[in-house]
Amino acid sequence: MIGGSLARRYARALLGIGEEEGQTRRILEEVEQFAKLASDAPLLREMMEANHINRQDKKAALEASLASADFLASTRNFLFLLVDKGRMNILSPIVSELRRLIEQNEGIERVEVVVPMPLTGTQRDTLQSVLEGQTGKKVMLEETVEPGVLGGMIVKVGSTLYDGSTRTQIKQIRQNLEKG
């Protein structure tokens, strides 16, 4: 809970900086790039998050990892601020919240779709069109293939879940038969 609200505060601050500079998307891309680098290099991530390593060593490692990157000064300063405050451990939630805030400002809605097999291009386009009509926003589909769904699909828009999977329908039939 506390980490989530803290991540929101940092993300809002970073969004404000990005809006002032007209660079919100670039800052998001750069922070995502560093988060991926840290994720792909576990030793770097562990060093950045470790309490027993002093800030100067963390800053040196951060500087070395950013040396070849052409990051904006505001992105670099933000990452150094996280090191100074000992908050590098919440970088991932900050990135997620920043992405959500930017997409919200741009009228974009991420929709999770779980299907038993990959959607065809036509199915994807049709689903996206229908969801855009219902939400009034530009929809970005995030498709997950899960054979256990059997048929149909599960769609999550914001906090609303639409479960039209065959698995759920079979489960409901079974429950009705058990009730008698």
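Some values worked out for this structure:
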{"item": "Residues being within 22 Å of the chain's Cα centre (by Cα), of a type in the set (A, V, I, L, M) and farther than 20 Å from Glu97 by Cα - total across the stretch 120-152", "result": "3"}
{"item": "Test: residue in the stretch 29-41 that is of a type in the set (Phe, Trp, Tyr) and open to solvent by 30 Å² or more (accessible area, probe 1.4 Å)", "result": "no"}
{"item": "Hits in the stretch 148-162 (condition: open to solvent by 70 Å² or more (accessible area, probe 1.4 Å) and farther than 25 Å from Gln104 by Cβ)", "result": "Leu150"}
{"item": "Candidate set: the stretch 91-147, residues that are part of a strand (DSSP E or B) and in contact (Cβ under 8 Å) with a residue 40 or more places away in the chain; chosen: the one surrounded by the most Cβ atoms within 10 Å (Cβ to Cβ)", "result": "Val113"}
{"item": "Qualifying residue in the stretch 165-178 (condition: out of contact with any Ser or Thr (no Cβ under 7 Å at 6 or more places or on another chain), of a type in the set (D, E, K, R) and at pLDDT 95 or above)", "result": "no"}
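The values are calculated or read from the model by the stated rules, or taken from the named source; none is laboratory data. Quick caveat, the model's predicted, so the values are computed rather than measured. Quick reminder, even Gly has a Cβ in these numbers, built from the backbone with ideal geometry, and neighbours come from all protein chains shown. Surface accessibility is based on the protein's heavy atoms, side chains included, excluding ligands, DNA and RNA. Shrake-Rupley method; radii C 1.70, N 1.55, O 1.52, S 1.80 Å.
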